[in-house]
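Everything below concerns the one structure shown next.
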Amino acid sequence: MFAFLRQIRATVASWWSEFTLQTKLMAAATLVVSLIMSGLTFWAVNTIQEDARLGDTRFGRDLGLLLAANVAPLVDENRTEIARFSHRFYSSTSSIRYMLYADAEGNIFFGIPFSESEVQNSLTIRRKIHLPDNYAENTEAPMV
């Protein structure tokens with residue numbers, strides 16, 4: 001095995017020695033420029049992805065607060081307009097995949113595009129959101 005590797009090394013060294021100094025320097029310079037450009041491209045793509053992720057997070061948080069401000073009074077009054085409002089909002093926004101409404105214990109009482117009220121029989125699975133440990137139950141701001 002080592003003899004085979006030595007033979008390959010000798011073949012590459014013999015092949016490399018046939019090139020002039022100018023050709024070797026151009027190959028080395030090309031390699032350095034290629035590595036630098038790859039590094040810059042990687043950095044730029046990562047920066048763009050991070051900015052997009054931050055924008056998505058801000059959009060989600062702001063959208064959640066906007067929805068909470070409009071839905072919280074309806075929940076307090078126990079009005080059924082939540083479904084209509086949420087469905088209209090969900091239909092007009094392509095950036096939202098789903099919406100879930102849960103109580104303080106984490107029990108989901110309404111969701112779009114699926115809802116527990118659609119099918120209720122003995123085979124229905126009860127869904128529940130696991131709330132974070134640092135969630136304050138007496139807070140005025142809704143959890144988004």
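We did not get these values from a lab; they are worked out from the coordinates using the rules stated. Computed from a predicted model, the values in this text were never measured in an experiment. No Cβ is skipped: glycine too gets one built from the backbone with ideal geometry, and neighbour counts run over all protein chains shown.
What the table below lists for this structure:
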| quantity | calculated |
| --- | --- |
| Rounded to whole Hz, the Karplus (6.51, -1.76, 1.60) HN-Hα couplings of segment 9-20, x for glycine and proline | 4, 5, 5, 5, 4, 5, 5, 5, 6, 6, 7, 7 |
| Net lengthening on full extension, residue 72/residue 18 (0.36 nm per residue, minus Cα-Cα) | 11.6 nm |
| For segment 1-120, alpha-carbon Rg relative to the globular expectation (2.2 N^0.38 Å, N residues) | 2.25 |
| Cβ-Cβ FRET estimate between residue 58 and residue 92, R0 fixed at 25 Å, reported to 0.05 | 0.80 |
| 5 angstrom amide H check on residue 109, placed H, neighbours 5+ away | 101, 102, 103 |
| Computed FRET value (nearest 0.05) for residue 49 with residue 129, which takes r as the C-beta separation and R₀ as 22 Å | 0.20 |
| Span from the segment 63-102 Cα centroid across to the segment 27-62 one, whole angstrom | 36 Å |
| Formal net charge of residues neighbouring residue 13 (Cβ-Cβ distance under 15 Å; K, R +1; D, E -1) | +2 |
| Among 58-66, 23-31, the order from most to least packed when residues are scored by Cβ within 10 Å on average | 58-66, 23-31 |
